[in-house]
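Input: a single structure, listed below in structure tokens.
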Amino acid sequence: MIPNLMRKVESTSLKGRTTYAFPESLISEQYRTIRTNIQFVNGVKKNQSILVTSPGNGEGKTTTASNLAISLAQQKEKVLLIDTNLKKPSLHSIFNFENNTGLTDVLSGKLTLEEAAVTTEVARLEVLPSGEIPGNFSDLIGSIAMYDLVENALKKYSVVVIDSPSFLELSATKILASMCDGVVLVVKSGKTDIKKAMETKRLLDLAKANVIGVVLNKLK
Ligand SMILES: Nc1ncnc2c1ncn2[C@@H]1O[C@H](COP(=O)(O)OP(=O)(O)OP(=O)(O)O)[C@@H](O)[C@H]1O
Ligand SMILES: [Mg+2]
């Protein structure tokens, strides 16, 4: 459970990087707990892909994915954080760089993963921003090319953390969830409708996704 301590952080982009800016804070400790849970659940498999999703908009997917990725990198893991929210990409703002090229260029074969991944101020953490958004973006994230990209990334990175679109808004997110080794479901206290949360869990189970944890975000 993540208490609402991030209010203390004034810059929007900093909230996504609390674990980096304030490693000793209680909130950073909470992300380390999620990290430990992930490692415990998937203990036997070394390299793994983790999707962070939520039923709707603005529930904390990006914040959770970024902090989790930082927390993993701080533990000496080589981490790739991918922005698959092609409707509303935001990892580039969190980490302060331009979103000129990225995931969509790798999926279309224009760039390699090595060319498109961006190093960050956090040691061992690289970010693959969304890149320019094409018209058919909803097909892309559930494509074979996306599967290949994640598999390829797992040869180089210990953990691939994926920031996803809102689960109930884009059916391809189900396919993406089923491709990953684990799924972290974020629900926002006082905002996420319980029926939508249950529906998301039902669809994740149908897709045979491995839900390894639920984060209750912004708990008062
Ligand atoms: N625990 C928290 N405490 C305070 N603010 C938070 C917390 N979690 C998220 N926020 C803020 O809420 C807003 C939405 O969070 P975030 O961008 O992580 O959600 P999202 O699910 O990725 O949204 P979207 O559906 O638009 O991609 C952001 O401004 C973020 O800084
Ligand atoms: Mg987001």
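The values are calculated or read from the model by the stated rules, or taken from the named source; none is laboratory data. Here the structure is a predicted model, which means the values were calculated and not measured. Heads up, the Cβs are rebuilt from the backbone with ideal geometry, glycines too, and the neighbour counts pull from every protein chain shown. Each accessible area value is taken on the protein alone, full model and side chains, heavy atoms only, with ligands, DNA and RNA left out. Shrake-Rupley method; radii C 1.70, N 1.55, O 1.52, S 1.80 Å.
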Taking square-rooted eigenvalues a ≥ b ≥ c of the alpha carbon gyration tensor, is region 94-133 rounded, prolate or oblate, where a/c under 1.5 means rounded and, failing that, a/b exceeding b/c means prolate? oblate
Three-way shape call for region 87-168 based on the alpha-carbon gyration tensor, with the a/c threshold at 1.5: rounded
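When the chain is fully extended, how far beyond the present Cα-Cα distance does F22 get from A123, taking 0.36 nm per residue of separation? Kindly include the intermediate steps, with their values, before the conclusion.
Details: separation 101, 0.36 × 101 = 36.36 nm, distance 1.53 nm.
Extra length available between F22 and A123 comes to 34.8 nm.
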For the chain, what does the helix formula give at 222 nm: sum of -39500 (n - 2.57) over DSSP H segments with n ≥ 4, over the residue count, nearest 500 deg cm²/dmol? -11000 deg cm²/dmol
Along region 75-81, Karplus-curve 3J(HN,Hα) (6.51, -1.76, 1.60; θ = phi - 60°) to the nearest Hz, with x for Gly and Pro, reads 8, 6, 8, 8, 10, 10, 10
Can you list residues whose amide H is under 5 Å from L51's amide H, if they're 5+ apart or on another chain and H is modeled 1.01 Å from N? I162, G182, V183, V184
Where the centroid of each part is defined by its Cα atoms, how far is region 175-198 from region 76-134 in Å? 22 Å
For the chain, what does the relative contact order come out to in percent, with C-alpha contacts under 8 Å and a separation of six or more? 30 percent
Amide hydrogen neighbours beyond the local backbone of L128, cut-off 5 Å, H modeled: L81, I82, D83, V118
May I have the pair-distance distribution P(r) for region 6-217, computed from all Cα-Cα distances with 5 Å bins from 0 and rounded to whole percent? 1, 8, 17, 22, 22, 17, 10, 3, 0
If you restrict to DSSP beta bridges whose two residues both lie in the chain, what percentage is antiparallel, to the nearest 5? 5 percent
What is the extension gain from K191 to E169, computed as 0.36 nm multiplied by their sequence separation minus the C-alpha to C-alpha distance, in nm to one decimal? 6.3 nm
Accessible area per residue of region 6-217 at 1.4 Å probe, in Å²? 45 Å²
Place a point 7 Å from Cα of E151 in the direction of its Cβ. Which residues in region 55-91 have their backbone N less than 11 Å from it? none
For an R0 of 22 angstrom, estimate the FRET efficiency from the Cβ-Cβ distance between E114 and I144 and round to the nearest 0.05. 0.60
Through the Karplus equation 6.51 cos²θ - 1.76 cosθ + 1.60, θ set to phi - 60°, convert the phi angles of region 198-215 into ³J(HN,Hα) values in whole Hz; use x for Gly and Pro. 5, 5, 4, 5, 4, 5, 5, 5, 4, 7, 6, 7, 9, 6, 9, x, 10, 9
Surrounding net charge for D163, when Lys and Arg each add one and Asp and Glu each subtract one, Cβ distance under 10 Å: 0
Dividing the mean separation of Cα pairs under 8 Å (6+ apart) by the residue count of region 44-137 yields a relative contact order in percent of 30 percent
Extension gain K208-N37, at 0.36 nm per residue separation less the Cα-Cα distance, in nm? 59.6 nm
